[in-house]
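Colleague: Questions regarding the structure given below will be posed in turn.
The values are calculated or read from the model by the stated rules, or taken from the named source; none is laboratory data. As the structure is a prediction and not an experimental result, all values here were calculated from the model. Every residue, glycine among them, receives a Cβ derived from its backbone with ideal geometry; neighbour counts consider all protein chains shown.
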Amino acid sequence: MFLSVFDMFKVGVGPSSSHTMGPMVAGGRFLARLRDSPFEAAGLRARLHGSLAFTGKGHATDRATILGLAGVLPESYEAETAEAILAANRASGQLSPPGLGPLAFDPEADLIFDYGPALPGHANGMVLEALDAQGDVLLQETYYSIGGGFVLSAEEQAALGPKDLEAPSPVPFPFRTAAEMLSMAHGAGLSIAQMKRRNERRFRSEAEIDAGLARIWAVMGDCIARGLEAEGVLPGGLKVKRRARAIHAALIAERGMNLAPPHTINDWISAYAMAVNEENAAGGQVVTAPTNGAAGVLPAVIRYWLDHVPGASSSRVGEFLLTAAAVGGIIKTNASISGAECGCQAEVGSAAAMAAAGLAAVLGGSPEQIENAAEIALEHHLGMTCDPVKGLVQVPCIERNGLGAIKAISAASLALRGDGTHFVPLDAAIETMRQTGRDMHEHYKETSLGGLAVNVPNC
C-alpha cells in the first residue's frame, strides 16, 4: 500500500489524530454508508472501546464522535460551527447530518464508553449504529482509528495481510523497508526525496505536489506562530499554563543582551515544539506529523533549521517533508505510529526519526546518513510509554515534543559526523519498536491506567 506524503501529513484539529480526527473520519464514513443504504434511520448510537474509552474524554473523543456523526470532517473543521452543533445536540437530542435529516442522538445515552476488553482489530475501536424508531439496529459498522488520522473498517482491517505486500505497486520506487529504500536510491542514483517525489508523480502533477507541500508547511508555521503568541490555561482541568510565549519572549530578550549560553538553543527548539502542542491541546489546527500528539517535533526542527542554521532556505522545506514522509511510511508499514498500539515510542519516536531524516537530507546527507539519522532518533525513544495524565494530551506530551525535536537534531548531527555506516539498521530499530509495543502492558499504551497518569494528582 502506497502512503503519500499527504497521507503522513494531514491538516486536522487537536488534540489527537487517533482519538479526535479518527472518530470524526469514522463518523463521516458511516454517514456515507447510511446515505447509500435502503434504510430510513431514526437515530444513531456510538460505542467506544479500548483506548478510545479510557482516554476518550481527555482526548475530546466524545465531541469528535458527535461532530463526525453530524457530518463535520477534520480538514474543514471550524470551531464556532462545531460549538453550535454540540450546543444544538445537547438541547435537542438530535443530529442533522447533510442528506439524512434529523436523527435522534442523546449524548448521555447514545455515546457509550465501554471499558471492557478492547476490540480485536486495534486498541482504538468504535462501533457505530443506525437505529429505527423502535431502537432496533438497521446498520452497524466497526471502525479502527489506527493512528495519524487513518481509519479502517473492521472488514478492511481483516483484509490486510501478506497479499498486500505482494501486490504490484503503482509507484516506480515501491520501497517498504529502509534496506529497499537504500538499495533503490543507490541503483537509481537518486536521493530519498527525489524517489518519493517520483512516487507522488503517479498521482499528482509537480505543481500539485509543490502546492500541497507548501500548504503543509504554511499550516505548521502558522501553528507555531499562534502558539508563540497565545497565553492562558489549557482546557481539561489540569490547569496547565501555556509556556511557549513566555519562553520565547525571554529568549528574544536574552539574545539582544548576548548573555545566553550555547545550550540555550535547546530552549528555542523546545519553544517551537511546545507552541505547536499547546495549540493542539487547545483544539487548534495542526498537521499530523505523523500524529497530533507528536505534531510539534517536525515543525520545530524545520523552524530551527530555517532560523538558526546558516544557509537554510525555505525553498528546500519540500525536500525535508518528502524525506520525512518516506521514513514515516516505512515505520507505519512495518510497525505503528499509534500510541494506543505501541506507546509514545510510536508517536514521538517516529516523529523524531522522520525529523532527523529530513534535517539530515537538507544538510546534505547521503541516503545512508539519512537512514542512520532516523535510526539513532528512533532507537533512543524505544520503550517510551504513553501515559497522559487525566487522559489529556498535555502532560507529559507537550514537553516531550520539545525533547523529541532536540533528539532529532542531535541524531542528524551525529549521523552527519559519520559516513553512513552504523551497527543497528533502521529496519531493526523499527522491528524492535513493534515488538516492544506488542509486549508493553496496556496500562502504558494511551489508557492512562499506569505511569505518570496514576502517580501524579489529576486535580
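Colleague: Give region 130-145 a look and list any residue that's surrounded by fewer than 17 Cβ atoms within 10 Å (Cβ to Cβ), more than 32 Å from the chain's Cα centre (by Cα) and not acidic (Asp, Glu), or say none.
Modeller: 133, 134, 135, 137, 138
Colleague: A follow-up question, please. List pairs: first residue in region 356-368 and under 21 Å from residue 403 (Cα atoms), second residue modelled with pLDDT under 95 and assigned to a helix (DSSP H, G or I) anywhere in the structure, Cβ distance under 7 angstrom, at least six positions apart or on different chains.
Modeller: No pair meets every condition.
Colleague: Can you tell me which residue in region 317-350 is surrounded by the fewest Cβ atoms within 10 Å (Cβ to Cβ), limited to those that are within 15 Å of residue 209 (Cβ to Cβ) and touching a Gly at 6+ places or on another chain (Cβ under 6 Å)?
Modeller: Applying the filter and picking the extreme gives 320.
A quick yes/no check of all residues on (1) assigned by TED's automatic domain parsing to the domain that holds residue 406; (2) small (Gly, Ala, Ser); (3) under 23 Å from residue 330 (Cα atoms):
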residue: 207; (1), (2), (3): yes, yes, no
residue: 212; (1), (2), (3): yes, yes, yes
residue: 219; (1), (2), (3): yes, no, no
residue: 268; (1), (2), (3): yes, no, no
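Colleague: How many of the residues making up region 177-222 are over 20 Å from the mean Cα position of the chain (by Cα), surrounded by fewer than 20 Cβ atoms within 10 Å (Cβ to Cβ) and not small (Gly, Ala, Ser)?
Modeller: Selection size over region 177-222: 14.
Colleague: Which residues, counting only those in region 98-116, are assigned to a strand (DSSP E or B) and either surrounded by fewer than 16 Cβ atoms within 10 Å (Cβ to Cβ) or within 29 Å of the chain's Cα centre (by Cα) (or both)?
Modeller: 111, 112, 113 - these are the residues of region 98-116 that are assigned to a strand (DSSP E or B) and either surrounded by fewer than 16 Cβ atoms within 10 Å (Cβ to Cβ) or within 29 Å of the chain's Cα centre (by Cα) (or both).
Colleague: Of the residues 260, 185, 271, 193, which single one is in contact with a helix residue (DSSP H, G or I) (Cβ under 6 Å, 6 or more places away or on another chain) and in a loop (DSSP other than H, G, I, E, B)?
Modeller: Unique residue meeting the criteria: 260.
Colleague: Moving to a separate point now. Among 24, 1, 8, which is the only one that is surrounded by fewer than 21 Cβ atoms within 10 Å (Cβ to Cβ) and within 24 Å of residue 123 (Cα to Cα)?
Modeller: Checking each option against the conditions leaves just 1.
Colleague: Further question on the same structure: Go through region 64-97 and give me each residue that's part of a loop (DSSP other than H, G, I, E, B) and touching a residue at least 40 places away in the same chain (Cβ under 8 Å).
Modeller: The answer is 70, 71, 72, 73, 77, 97.
Colleague: Going through region 42-60 one residue at a time, which ones are among the aliphatic types (A, V, I, L, M), buried (at least 19 other Cβ atoms within 10 Å of the Cβ) and not in a helix (DSSP H, G or I)?
Modeller: Result: 44, 46, 48, 60.
Colleague: Based on what the data block shows, is residue 137 under 30 Å from residue 348 (Cα atoms) and among the β-branched types (Val, Ile, Thr)?
Modeller: no
Colleague: In region 274-286, which residues are buried (at least 24 other Cβ atoms within 10 Å of the Cβ) and either in contact with a Pro (Cβ under 7 Å, 6 or more places away or on another chain) or assigned to a loop (DSSP other than H, G, I, E, B) (or both)?
Modeller: Across region 274-286, the qualifying residues are 276, 280, 281.
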